[in-house]
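All remarks here apply to the structure that follows.
Since every read-out is calculated from the coordinates, none of them should be taken as a lab result. All of these numbers come straight from a predicted model, not from anything done at the bench. Using ideal geometry, Cβ is built from the backbone for each residue, glycine included, and neighbour counts are taken over all protein chains shown.
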């Protein structure tokens, strides 16, 4: 398929590489910043541009991988209105002028790390069966896990991913901060992080919950709360998450 | 080494099995509940008892793997006061009457899943060089990662583990709840959970943070906050963690 990629961030980069590797032709990369468009375009052997009015009209699909608030503006400023435009956002609606589909790959992309796209779920949504078919066909060329979701489900999936991935990573960062402040290495808890993620591959998370909160061990929780006394926000995070664990185990 | 194990929970179970597999002799298991003592004792080919006054006085080491608030009571009610007692807690002090050492394995133990003890860090603390040597020797027989920590460092390590492991697992549980409520399977985010945990094996967590908060994408965060409107505690968790991510990236 001939595709124009609009964007040059983490999603555009990983998606562009995966599509290109699957045999699709990225004929052009647009980015607001010409240097960014150039870097990605060179790795994809594409043309590049930073002016929306000059976007190539000969693609079969225009994939918009920019920040959510920029999607309407990019869609509105393309020099045609009869093409298939899809965005890659987890949370933006399908119902944006000019947009006819959504192609949302559920993964955490960092430029530092390659990802295996074949196991990444791709959520598809479209305003017509033809576009749905086209996007599903495209998604299946790079992933073995393609699903059709409505906007509400896609948003739920995105929010679940924010909790399970973005917030977990931040908890690792908090752990790193606490360890460093006490002359301890982050390496110490790496096996624990791996084990915690592995456990839920074969168990329901709630059923393998461990730690002071699920035991309602108030003495330990109080000591930890006291230990964090110089950081009110950390204390609040500790308290809210512990409360949520206790609530969930009470309901079980 | 001849060891009496006091406790029959997750830590006692996994530790007992690892020590036994390493050739140590667990001569007796004590638990408040005789049935629990019996189940573990049978798998370790040990004697078992639920009366502290009957604990076998012929062990070289008494390992106390009970909840933090029960440690002082167990230590005080043994029928001798000239033996080496060590507890396995991350947060309890070394300075408890009768206790001369700490043997803290840093891992999340669930009865459902076997663990590879050899990569589990074991933190040692003792009130004499002789006990420190003995516990270190014991730890090295089951783990390749043995460290001497003071009580403050051990508590910091435990708290870091609560954030990185216990709280992460709860975030997985929250994600599971959100997905189910929207007729989606937890399976969808399993690759993401694995990828998130793998990324920090070779990167500093802060450097691979992704998601709306680190981009300060207020539109998306507001939509997510609105989506969670029926659960005030979840909204608070979303808000506090997002704020903490923004703070950390502002400091960088």
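The residues on offer are B:162, B:115, B:146, and the sole one that is surrounded by fewer than 22 Cβ atoms within 10 Å (Cβ to Cβ), touching a helix residue (DSSP H, G or I) at 6+ places or on another chain (Cβ under 8 Å) and at the interface with chain A (Cβ under 7 Å from one of its Cβ atoms) is B:115. Being buried (at least 21 other Cβ atoms within 10 Å of the Cβ) and over 18 Å from the mean Cα position of the chain (by Cα) is the filter here; which residues of the stretch A:120-130 pass it? Across the stretch A:120-130, the qualifying residue is only A:126. Tell me, please, whether a residue that is surrounded by fewer than 17 Cβ atoms within 10 Å (Cβ to Cβ) and within 14 Å of chain A (Cβ to nearest Cβ) can be found in the stretch B:95-110. Yes, because at least one residue in the stretch B:95-110 is surrounded by fewer than 17 Cβ atoms within 10 Å (Cβ to Cβ) and within 14 Å of chain A (Cβ to nearest Cβ).
Of all residues in the stretch B:192-231, those satisfying the criterion of being in a helix (DSSP H, G or I), at the interface with another protein chain (Cβ under 7 Å from one of its Cβ atoms) and in contact (Cβ under 8 Å) with a residue 12 or more places away in the chain are B:193, B:206, B:224. Note on the stretch B:61-93: residues that are within 23 Å of residue B:149 (Cβ to Cβ) and more than 14 Å from every other protein chain (Cβ to nearest Cβ) amount to 9.
Yes or no, residue by residue, for (1) within 17 Å of residue A:160 (Cα to Cα); (2) in a helix (DSSP H, G or I); (3) in contact (Cβ under 8 Å) with a residue 12 or more places away in the chain; (4) in contact with a strand residue (DSSP E or B) (Cβ under 6 Å, 6 or more places away or on another chain):
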| site | (1), (2), (3), (4) |
| --- | --- |
| A:74 | no, yes, yes, yes |
| A:89 | yes, no, yes, no |
| A:92 | yes, no, yes, no |
| A:96 | no, no, yes, no |
| A:103 | no, no, yes, yes |
| A:115 | no, no, yes, no |
| A:118 | no, yes, yes, no |
| A:125 | no, no, yes, yes |
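Kindly list the number of the only condition in (1) in contact with a strand residue (DSSP E or B) (Cβ under 9 Å, 6 or more places away or on another chain); (2) surrounded by fewer than 19 Cβ atoms within 10 Å (Cβ to Cβ); (3) assigned to a loop (DSSP other than H, G, I, E, B) that fails for residue B:153. Result: residue B:153 fails condition (3) only. Inspect all residues belonging to the stretch A:168-180 and state whether any of them is more than 16 Å from the chain's Cα centre (by Cα) and outside any helix (DSSP H, G or I). Checking the stretch A:168-180: not a single residue is more than 16 Å from the chain's Cα centre (by Cα) and outside any helix (DSSP H, G or I). When residue A:66 is tested against the conditions (1) assigned to a helix (DSSP H, G or I); (2) crowded, with 21+ Cβ neighbours inside 10 Å; (3) within 21 Å of the chain's Cα centre (by Cα), the lone failure is (1). When the stretch A:18-60 is limited to residues that are touching a helix residue (DSSP H, G or I) at 6+ places or on another chain (Cβ under 7 Å) and in a strand (DSSP E or B), the one that is nearest to residue A:118 (Cα to Cα) turns out to be A:26.
Residues in the stretch B:182-191 that are part of a helix (DSSP H, G or I) and more than 7 Å from chain A (Cβ to nearest Cβ) were compared, and the one that is nearest to residue A:241 (Cα to Cα) is B:186.
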